[in-house]
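Structure, as structure tokens:
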Amino acid sequence: MKITVRRYAHNDEATLSRVYLDDEEFCYGLEDQPQEEKVMHETRIPAGTYDIKLRNEGGMTKKYAERYDFHIGMLHLQAVPNFTYVYIHTGNSDNHTSGCLLVGYTANEEAMTIGRSRDAYSDLYQAVKDEAWAGSLQIEYIDEDMDDG
């Protein structure tokens, strides 16, 4: 199973994307902005394909287990160059992410925010958690928002 993140717009604070699950459009995504050099808590991860596993420890895992009765661990991206603890989670603005992917069912392109994040997260998580548990879930980030030349 594969999640595809097609980044389509960014400004100097945030990036918006469309998130697909096995080639079907699923929801919107929000991340930090692109930067040539990584700035901690202020830079989106590099385009590419990463494995996702479940991480069943840490503060976010506990918080999400209390919020969602079906939660068995955070969706944790593996081997992201120069990043640690990259997750898919809830949030509405770039203030809610530190390089992670936030998901939502609505997007405000003018404000560079997303909405209905908890609903989108719940649905996405339940659709992919078994694949993540089995070690057969990947995510691909594609930069369609960058100039070619």
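What follows draws every value from the coordinates through simple rules; no lab data is involved. Source: prediction; values computed, not measured. Because the Cβ atoms are built from the backbone with ideal geometry, glycine has one as well, and the counts that use them run over all protein chains shown.
Quick one: work out the % antiparallel among DSSP beta bridges in segment 51-149, nearest 5.
Antiparallel: roughly 85 percent of the beta bridges in segment 51-149.
Just name one of M60, L77, A111: the one whose Cα is farthest towards the positive end of the charge dipole of the chain (beta-carbon charges, Lys/Arg +1, Asp/Glu -1).
M60
How much length would be gained if the chain were fully extended between D130 and Q35, taking 0.36 nm per residue of separation minus their Cα-Cα distance, in nm to one decimal?
My answer for the length gained is 30.8 nm.
Run the helix sum for the chain: -39,500 (n - 2.57) per DSSP H stretch of 4+ residues, divided by residue count, reported at 222 nm to the nearest 500 deg cm²/dmol. Walk me through the numbers on the way to the answer.
Working: 2 runs with 27 residues, N = 149.
Taken over the chain, the calculation gives -6000 deg cm²/dmol.
Considering Cα pairs under 8 angstrom that are at least six residues apart, work out the relative contact order of the chain and quote it in whole percent.
RCO, the chain: 31 percent.
Enter the angle in degrees (range 0 to 90, nearest 10) between the Cα long axis of helix 117-134 and the first principal axis of the Cα atoms of the chain, meaning the one along which they spread out most.
60
Around V86, which amide H atoms from residues at least 5 apart in sequence, or from another chain, sit under 5 Å from its own amide H, with H modelled in the peptide plane?
The answer is L77.
Mean separation of Cα pairs under 8 Å and 6+ residues apart, divided by the residue count of segment 80-149: what relative contact order is that in percent?
Once divided by the residue count of segment 80-149, the mean separation gives 21 percent.
Which FRET efficiency, nearest 0.05, do N56 and D145 yield, Cβ-Cβ r, R0 30 Å?
0.35
Ranked highest first by average number of other Cβ atoms within 10 Å, how do 42-49, 21-28, 57-64, 87-94 line up?
87-94, 42-49, 21-28, 57-64
Does segment 2-47 classify as rounded, prolate or oblate by the C-alpha gyration tensor (a ≥ b ≥ c root eigenvalues; a/c under 1.5 gives rounded; else a/b over b/c gives prolate, otherwise oblate)?
prolate
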